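None of the figures in this text is laboratory data; all of them are computed from the coordinates on show. Bear in mind the structure is a predicted one, so any value in this text is a computation, not a measurement. A quick note on method: Cβ atoms are made from the backbone with ideal geometry, for glycine too, and the neighbour counts reach across all protein chains shown.
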Amino acid sequence: MKFGADNLFKKLRSVLVSSPENYGIGTPINMWQEKNVGAIDQRLAIKQHGDMVQALRNEGVDCYFLEKIKGATEQKDTRDLGVISKYGAIAGHFVKDIRLGEVASFIKFCVENDIKILKYGIPFEGGDFFFIDETQCLVGIGPRTDMRPNEVETFLKRKIYIIHHSSSHHLDAFFNIISPTLVVANTKYLAEKEFLQGKKVIELDDDDIWNMSSNFLLLEENKILADSGCHEFNEKLKNEGVEVIEVDVSELKKNGGSIRCMTLPIFRE
């Protein structure tokens, strides 16, 4: 298997996903879940996930499925399990007890596909991680990630930039990158703004955050797969020259995880 998603702006060729047969909300772990306890239409969620996978395949993206873990209601959000570089994978480590055990399925996938595990046990989740290019990456430090640069720089062989954030969720709940010069963000949540210098910032308002408008998947530079429920915000991106492909994930994002959360990039070229 080809692997290495080191350059965010190269064309996405493969992702890791997980079918939502176990998806549900019992004990809420974020603000999105609090209003959706016991309110998941699983049949609709499975259909929407299939539609998302088909949209990816239509764009030439191969979709590999994780082995399901019984009772893992959050497993559809594969992004948080780790990151994959051309040197191998760093497996995440969850703060929330409800998600303990999920990483084992990711490690198993890597071992079966000859992807070296570079590190395991660092407290981080993939929603707080962005590869930029082969020389740099970006990590959001918040309540669910505490990745220290010197812990992983030697494994990933690149500079790691840190943004401390005040969200109870992940950095990608209010931040995303579209090109080397275009980002979306609600800057009031960001402690450091150095990364934004020289870039155009499309500001997210509180409604955009609630709607998870920033949680889109970059297919390649200036081209995204986004939730159709964020159509108004998507139109703002189109006005900036961004190509937007929309798919409905309204049922799937009730737990606080939209398209970016549900896709872990394996390979870009």
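Worth pointing out:
- 3J(HN,Hα) couplings calculated from phi for segment 219-234 with the Karplus curve 6.51 cos²θ - 1.76 cosθ + 1.60 (θ = phi - 60°) are, in sequence order, 7, 6, 3, 6, 9, 10, 9, 9, 6, 5, x, 9, 4, 4, 5, 4 Hz; Gly and Pro show x.
- Projecting the Cα atoms of His164, Gly241, Ile202 onto the dipole axis of the chain, where Lys and Arg carry +1 and Asp and Glu carry -1 at the beta carbon, places His164 farthest toward the positive end.
- Summarised as an ellipsoid, segment 76-150 has semi-axes of 18, 17, 10 Å, derived from the eigenvalues of the Cα gyration tensor scaled by 5 and square-rooted, with the largest first.
- Measuring r between the beta carbons of Ser228 and Asn22 and using R0 = 25 Å, the FRET efficiency lands at 0.50.
- Cα-based Kirkwood hydrodynamic radius, segment 120-269, one decimal, Å: 15.7
- Amide H contacts under 5 Å for Ser14, placed H, 5+ residues apart: Asp62, Ile266, Phe267
- Contour excess over end-to-end distance, with Cα ends at Asn150 and Asp41 and 0.36 nm allotted per residue: 34.9 nm
- Modelled FRET efficiency - R0 25 Å, Glu194 with Ile107, Cβ distances, 0.05 increments: 0.15
- Each 10 Å bin from zero up to the one holding the largest Cα-Cα distance in segment 195-239 carries the following percent of pairs: 24, 57, 18, 0.
- Binning all Cα-Cα separations of the chain at 10 Å, short to long from zero, yields these whole-percent fractions: 7, 33, 41, 18, 1.
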